[in-house]
1. Does residue 84 satisfy the condition of being under 25 Å from the mean Cα position of the chain (by Cα) and over 11 Å from residue 116 (Cβ atoms)?
2. Among the residues of segment 57-79, are any over 23 Å from residue 123 (Cα atoms) and touching a residue at least 12 places away in the same chain (Cβ under 8 Å)?
3. Identify the residue in segment 1-13 that is part of a helix (DSSP H, G or I) and in contact (Cβ under 8 Å) with a residue 24 or more places away in the chain and, among all such residues, is surrounded by the fewest Cβ atoms within 10 Å (Cβ to Cβ).
4. Condition test on residue 116, is it closer than 15 Å to residue 39 by Cβ and either touching a strand residue (DSSP E or B) at 6+ places or on another chain (Cβ under 6 Å) or in contact (Cβ under 8 Å) with a residue 24 or more places away in the chain (or both)?
């Protein structure tokens, strides 16, 4: 089975929605975003790919993170505007802080997140053809995700390694749970 039959933009989006809403994943992912400067879609992509037994090299990983930098910057601007509006609405004492302006910013931010995910999947599909039939290692998820994300987080000052690892470890446990739903048949 080829890579185009293994991964898709729509399935990646569904995986992300389900993963994001599970347990405390939203707050863990947002912690990584806000404190370690890690793009949530990159974390979700690594986890999604590994549910499919698709592993990427370090160079491919760095290429992917660079490919979405401009769109990530735009998305971050919308996120900051939305957060500022939320804080302003709270300061005003509004009963419903999710005003029409807030909802519009949130919708635009979600659209940009979808565009990022589309770009990431398209970039994966454009990578040079290589053998995806890798051995299944029980630590692959743990090793690859921790290694790649720690490279991104290394450039951030003040991020406690133990807290960073704790968030990643908990997210990886959740990823393993979803691997059965979105991943390859584990008995293949």
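Readers should treat all values here as calculations from the given coordinates under stated rules, not as data from a laboratory. If you're wondering where the values come from, they're calculated on a predicted model, not measured in any experiment. A quick note on method: Cβ atoms are made from the backbone with ideal geometry, for glycine too, and the neighbour counts reach across all protein chains shown.
1. On the way: under 25 Å from the mean Cα position of the chain (by Cα): yes; over 11 Å from residue 116 (Cβ atoms): yes.
Answer is yes for this residue.
2. Going through segment 57-79, the residues over 23 Å from residue 123 (Cα atoms) turn out to be 77-79.
When the remaining residues are screened for being touching a residue at least 12 places away in the same chain (Cβ under 8 Å), the result is 78-79.
Checked segment 57-79: at least one residue is over 23 Å from residue 123 (Cα atoms) and touching a residue at least 12 places away in the same chain (Cβ under 8 Å).
3. 4
4. On the way: closer than 15 Å to residue 39 by Cβ: yes; either touching a strand residue (DSSP E or B) at 6+ places or on another chain (Cβ under 6 Å) or in contact (Cβ under 8 Å) with a residue 24 or more places away in the chain (or both): yes.
Spelling it out, residue 116 is indeed closer than 15 Å to residue 39 by Cβ and either touching a strand residue (DSSP E or B) at 6+ places or on another chain (Cβ under 6 Å) or in contact (Cβ under 8 Å) with a residue 24 or more places away in the chain (or both).
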